[in-house]
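All of the numbers you see were taken from the coordinates with simple rules; none came from a lab. In this text the structure is predicted, and so the values were computed from the model without any measurement. Cβ sites come from the backbone with ideal geometry, for glycine too, and all protein chains shown count toward neighbours.
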Amino acid sequence: MPWSNQSGGGGPWGQRGGSGGGKSPWGSGGPQGNGTPPDLEDILRRSQDRLKDFIPGGSMGGRGLIILLLGVIAVWLLTGFYTVRPNEVGINMIFGRFTGTSGEGLRYNLPYPIGRVVKPNVTAQQRVEVGYRSTPTGQGRPRDVIEESLMLTADENIVDIDFDAVWQINPARPQDFVFNLQNPEGTLKSVAESAMREVIGRRNIQAILTTEQASVAQEVREIMQETLDAYGAGVLTNVVQLQAVRPPSEVQQAFFDVNAAQQDAVRVQNEAGAFASRVVPEARGEAARTVQQAEGYREQSVADASGQAARFRQVYEEYRKAPDVSRERIFLETMERVFGGLD
């Protein structure tokens, strides 16, 4: 039961108060050493003899019996006081029904067998392991539990995951933990494994092995908490830790080869991108220079043609004013250019 580790093995009702080997104020009771039912008349006679030993004169009247009975009841009521430590919460019950919780300090509840008190530790950090089992001493190599660790990814690969979940009893609802969880460790393990399989089934193996491990752990913790709250488990999931994430051992070498090939492909793509980043700007610069040169040549040619046209129009205007003189001058200038280089 979930309370067996929290109340010293006293079950959901806690331990009985007082000393003396767990005897109640009413006596030890129970079967005799030979296994036969006790003789009720014999028990009453011996009880009467014991009471006479405490009464002067060896006799007891009705008043003395009442006083003795009231004393026994008073002692019994005093056993209802109990202390709650700072790391505990008291869960009070009357006739097995939950009546409330109590905080740190000296508290009171009706004692056994009417009342019970369970004091679970609500600050202790518990850990549940999924996919592996560590050694009792915490040293040495953990044992792999493949039926828990092998999980199917979204791209139909298999990944081997070892992880643990750290949890504690919810201080605000410890009664849920005490009454609703029969096997806390088994329940937490099942919830954690189910949440991890759900998260892994939505991701590709490459992302799981590389960039998304932190988001996987966080999402698993959130799903676990939602599930436990729906169960009314009274448990807080503090953190989920991925201990190992790897391909199955049977295909690890093949996976590493594929991963190396993918890394080579990425490297070649990066080199090609760097080459393109260097060559393309150079080609664009050369093209820009060629365009600029062509633009300059065009502008120069247009300017020369415009100048020659302007000069021709100027000569033509002079020719129109004096055609004979202009023809003679042009003839003489032409002849001078033709024969100017002759000796």
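Averaging over every viewing direction, what projected area does the convex hull of the Cα atoms of region 110-209 cover, in nm²? Please list the in-between numbers first.
Values: hull surface 36.9 nm².
The Cα convex hull of region 110-209, projected and averaged over all directions, gives 9.2 nm².
Can you give the net charge of the other residues whose Cβ lies under 14 Å from the Cβ of GLN225, counting K and R as +1 and D and E as -1?
Details: positive: ARG173, ARG221; negative: ASP176, GLU198, GLU219, GLU222, GLU226, ASP229.
Every neighbour counted, the sum reads -4.
Can you check what the net charge comes to around ALA154, using other residues whose Cβ is under 14 Å from the Cβ of ALA154 (Lys, Arg +1; Asp, Glu -1)?
Working: positive: ARG197, ARG202, ARG203; negative: ASP155, GLU156, GLU198, GLU212, GLU219.
Counting the neighbours of ALA154, the net charge comes to -2.
For PHE81, PHE339, what's the fewest-to-most ordering of other Cβ within 10 Å of each Cβ?
Working: PHE81 12, PHE339 8.
In increasing order of surrounding Cβ atoms, one gets PHE339, PHE81.
Could you derive backbone 3J(HN,Hα) for region 151-164 from the dihedral phi with the Karplus parameters 6.51, -1.76 and 1.60 (θ = phi - 60°), listing whole Hz in sequence and x where the residue is Gly or Pro?
Karplus-based 3J(HN,Hα) across region 151-164 equals 9, 8, 8, 5, 8, 6, 9, 10, 10, 9, 10, 10, 8, 9 Hz.
Apply the Karplus parameterisation 6.51 cos²θ - 1.76 cosθ + 1.60, with θ equal to phi minus 60°, to every residue of region 305-313 and state each ³J(HN,Hα) to the nearest whole Hz, in sequence, with x for glycine and proline.
Using θ = phi - 60°, the values come out as 5, 5, x, 5, 5, 5, 5, 5, 5 Hz.
Can you work out ³J(HN,Hα) from phi for every residue in region 181-193, in order, using Karplus 6.51 cos²θ - 1.76 cosθ + 1.60 and θ = phi - 60°, giving whole Hz and x for Gly and Pro?
Residue by residue, region 181-193 yields 10, 8, 9, x, 5, x, 5, 4, 5, 5, 5, 5, 5 Hz.
For a protection proxy built on the mean count of beta-carbon atoms within 10 angstrom, sort 140-153, 177-190 highest first, please. It would help to have the intermediate numbers written out before the result.
Values: 140-153: 14.1, 177-190: 17.5.
Packing order, densest peptide first, comes out as 177-190, 140-153.
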